[in-house]
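> Structure provided below as C-alpha cells; questions to follow.
The values are calculated or read from the model by the stated rules, or taken from the named source; none is laboratory data. Just so you know, these numbers come straight off a predicted model, no measurement behind them. Note that we place each Cβ from the backbone using ideal geometry, even for glycine, and neighbour counts take in every protein chain shown.
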Amino acid sequence: MSTIFGPVHSRRFGVSLGIDLSASTKQCNFDCLYCELSPALAITTQHSITPIDTIIDDLTAALQTHPKIDVITLTANGEPTMYPYLDELVTRINELKGNCELLILSNSACLSDEKVFNTLLQLDQVKLSLDAAIPKTFKKIDRPAEGIDIHSIIDAIRRFSLIFTGKLFIEILFVRGVNDSLEDIAALNKALLDIHCDRIDIGTVDRPPAYAVEGLEFNELYTLSQLFDPTLPIHIVSRTHASAHPNSYSAEEILTTLDKRPLTQDDIEALFDTKSQHCFKKLLSEGKITPIERSNVIFYLPTQNIHRKAPKRGSFS
Ligand code: SF4
C-alpha cells in the first residue's frame with residue numbers, strides 16, 4: 001500500500017499531497033468520539049512502522065507525477081507525531097520538497113515531548129487540534145491514552161506558538177453536548193488568548209463518527225464563534241454551511257456583525273439573504289469593508305475596525 005495519497009485540493013491548505021505515517025492500521029494516542037476511523041484503544045507507541053526509505057521513495061515518485069503541489073501533508077491513520085523517525089523524515093523531506101511547504105496535522109498530544117516539539121519547529125505549517133481546555137471534557141471528547149494531560153498540551157502549544165516561525169493553525173471540533181458549553185468555551189477562549197496562531201479553525205462532526213455523537217448546525221457554530229474574544233482569528237470550517245438559514249441584515253448590522261467576527265465568503269453566503277448580500281457588495285465597493293487574507297482564507301472586516309485596533313500577531317487586528 002502506498003504511503004502517499006492525493007493530490008487533494010483543500011481550501012485551507014491548497015493543493016496537498018498527503019503522507020500517511022500509519023498506512024496499514026489505526027495507531028493513535030486518542031480515540032476521539034468524532035474520529036472518522038473505527039474506534040480503537042488509544043496507544044502511545046506505534047507497533048506497525050513504515051520504513052523511512054519506503055516513504056521517501058513513494059514521495060519522490062509522487063512529486064515527479066504531480067509537480068504542482070502547494071503542500072506535502074504529514075498525516076496518519078492516527079497521530080503522525082507518534083511515528084518514531086519523524087525527525088529524520090522531516091529533514092529528508094525538507095531536502096527534496098523544493099518550493100512545496102511541509103505541513104503536519106497533529107492532535108497536539110506529543111507536543112510536550114521536547115523531541116517532537118523541536119521536530120515540528122522545522123516545518124513550514126503546523127495544524128494542532130485543541131478540542132477542550134477542561135480536563136474532564138478533554139477526556140470525554142478525545143479519550144486520550146493514560147497519562148496525557150491537557151494542561152501540559154496547552155502549555156506546549158503556547159510555548160511552541162511563541163517561537164515557531166511558520167504558519168500555525170489551531171483546530172477545534174465541536175460535538176453537541178460534549179465540548180460546547182459556556183464553561184468549555186470560556187476555558188478554550190482563555191487558552192487561545194495566550195497562543196499566537198495564524199488561524200483558529202472551528203468545525204463540527206460532518207462525516208460518520210466513530211461513536212454515536214452529533215455535530216452542530218452552521219448557525220449554532222456561528223453563535224458559538226461569537227462567544228470567543230473578537231480579536232481571535234476564528235474561521236468556521238464546516239460542510240454544514242448549506243444547512244444555514246440566511247437572514248436579512250441592514251448595512252449597519254452587516255458592519256456590526258463583521259466588527260464582532262470577521263466572516264469569509266462562505267459564511268456570508270450562508271448567513272446573509274440575497275438582499276443582504278447585495279448590500280454587503282455595495283459596502284465592499286464603497287471601501288467600508290476590506291478583505292484581508294489569513295493563510296489562504298479571505299476574511300472581510302469593517303475598514304474602520306482595521307485602522308482602529310493595534311497590531312498584534314495572532315489576531316485580526
Ligand atoms: S486524533 Fe485523529 S485519528 Fe486520533 S482518534 Fe482523534 S480523530 Fe481519530
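> Could you check segment 281-312 and list, in sequence order, the residues that are of a type in the set (F, W, Y) and modelled with pLDDT of 85 or more?
Selection gives Y300 alone.
> Right, next: P262 versus (1) closer than 15 Å to R199 by Cβ; (2) over 24 Å from the mean Cα position of the chain (by Cα): which is the lone unmet condition?
Unmet for P262, out of (1) closer than 15 Å to R199 by Cβ; (2) over 24 Å from the mean Cα position of the chain (by Cα): (2).
> In addition: Tell me, yes or no, whether segment 125-138 has at least one residue that is of a type in the set (F, W, Y) and assigned to a helix (DSSP H, G or I).
Scanning segment 125-138, I find at least one residue that is of a type in the set (F, W, Y) and assigned to a helix (DSSP H, G or I), so the answer is yes.
> Quick one: which helices (runs of 4 or more DSSP H) lie wholly within segment 251-290 and hold at least 1 residues that are of a type outside the set (A, V, I, L, M) and over 21 Å from F218 (Cβ atoms)?
251-260, 274-285
> From the list R207, R199, which residue is at pLDDT below 90 and of a type in the set (D, E, K, R)?
R207
> In this structure, is L263 in contact with a Phe, Trp or Tyr (Cβ under 6 Å, 6 or more places away or on another chain), modelled with pLDDT under 90 and closer than 22 Å to Q304 by Cα?
yes
> Please count how many residues of segment 7-24 are touching a helix residue (DSSP H, G or I) at 6+ places or on another chain (Cβ under 8 Å) and among the β-branched types (V, I, T).
1
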